[in-house]
Amino acid sequence: MLTIVPLVLAQLVTLFAVMRTVERDVSERAHASLVAGGTLVSEYLESRSKQLRTSVEVLSADFGLKEATATGDADTIRSVLENHSGRIRADMALLVDLNGDSVASTLPMETSDSASVIELLQSAGDRGMETTTVFDGVAYHVFVVPLRAPVTIGWVLLGFRIDDAVAERITALTGLDVAIATRTPEARFSVGTTLHVPQDQLLTRKVPFVDGDSAVNVILQRSLQ
């Protein structure tokens with residue numbers, strides 16, 4: 001007993017020290033994976049935004065859209081918006097005049113005249129803007145660009161749905177569990193996967209979908225379990 005007891009105690013002390021070291025190493029690796037994942041997501045979203053912005057700017061410069069706008073016929077303009085937005089796979093398109101009134105839209109008219117649209121226009125500068133917003137409980141990545149002929153005669157809003165397909169793409173890139181969440185006066189929702197584990201066993205990192213805009217965020221998650 002005098003030999004075994006000290007030996008067992010020494011082994012327990014060593015085992016405890018090893019387990020603490022392993023736990024710390026696991027935690028550090030998990031944190032590092034979240035940081036790397038956050039960087040990768042930011043780079044992916046920036047690259048995605050540049051591609052979409054280029055497509056949107058080309059569309060807004062299209063002569064057919066300007067010609068349709070000059071007619072003032074809402075049905076014609078809506079048809080052009082649907083055709084053009086379909087070419088760049090946009091999920092919503094809206095044309096408003098300089099007063100902020102909706103001229104034509106692929107969304108329901110009550111949505112087109114919502115406070116969200118007015119707020120976007122008030123925030124847009126001469127060169128337009130990129131942001132996120134919610135229409136009828138659906139989150140969109142929205143580009144607001146001026147329609148010039150050659151002076152500005154209106155604004156074109158083109159939006160791309162932020163849904164599970166986007167979350168799945170980010171999951172495939174990072175290997176992390178991903179949720180995309182928004183908190184706005186109109187809606188509170190999330191898409192993607194949410195881990196149901198104790199908070200002290202869950203590491204999270206938040207990345208804004210659009211840099212400088214906090215309406216929609218990508219939530220990266222890693223379970224320590």
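The values are calculated or read from the model by the stated rules, or taken from the named source; none is laboratory data. Bear in mind that the values here come from a model prediction, so they are computed numbers and not experimental data. Neighbour counts are summed over all protein chains in view; Cβ atoms, including those assigned to glycine, are modelled from backbone coordinates with ideal geometry. Protein only, heavy atoms only, side chains kept; ligands, DNA and RNA dropped before computing areas. Shrake-Rupley method; radii C 1.70, N 1.55, O 1.52, S 1.80 Å.
At an R0 of 45 angstrom, the distance between the Cβ atoms of T14 and A36 translates into a FRET efficiency of 0.85.
Could you work out the helix-only [θ] at 222 nm for the chain, with each DSSP H run of four or more residues adding -39,500 (n - 2.57) and the total divided by the number of residues, to the nearest 500 deg cm²/dmol? Only helices count here, giving -15500 deg cm²/dmol. When you restrict to C-alpha pairs under 8 Å that are six or more residues apart and normalise by the size of the chain, the relative contact order lands at 19 percent. A Gaussian network model of the chain, with springs between Cα atoms under 10 Å, assigns the largest mean-square fluctuation among D91, D62, D177 to D62. Counting only protein heavy atoms and using a 1.4 Å probe, the accessible area of L34 comes to about 10 Å².
Taking every C-alpha pair closer than 8 Å and separated by at least 6 residues, the mean separation divided by the residue count of segment 1-120 gives a relative contact order of 13 percent. Would you look at the GNM of the chain, springs on alpha carbons closer than 10 Å, and say which of V56, V151, V96 moves the most? Among V56, V151, V96, the largest GNM mean-square fluctuation belongs to V151.
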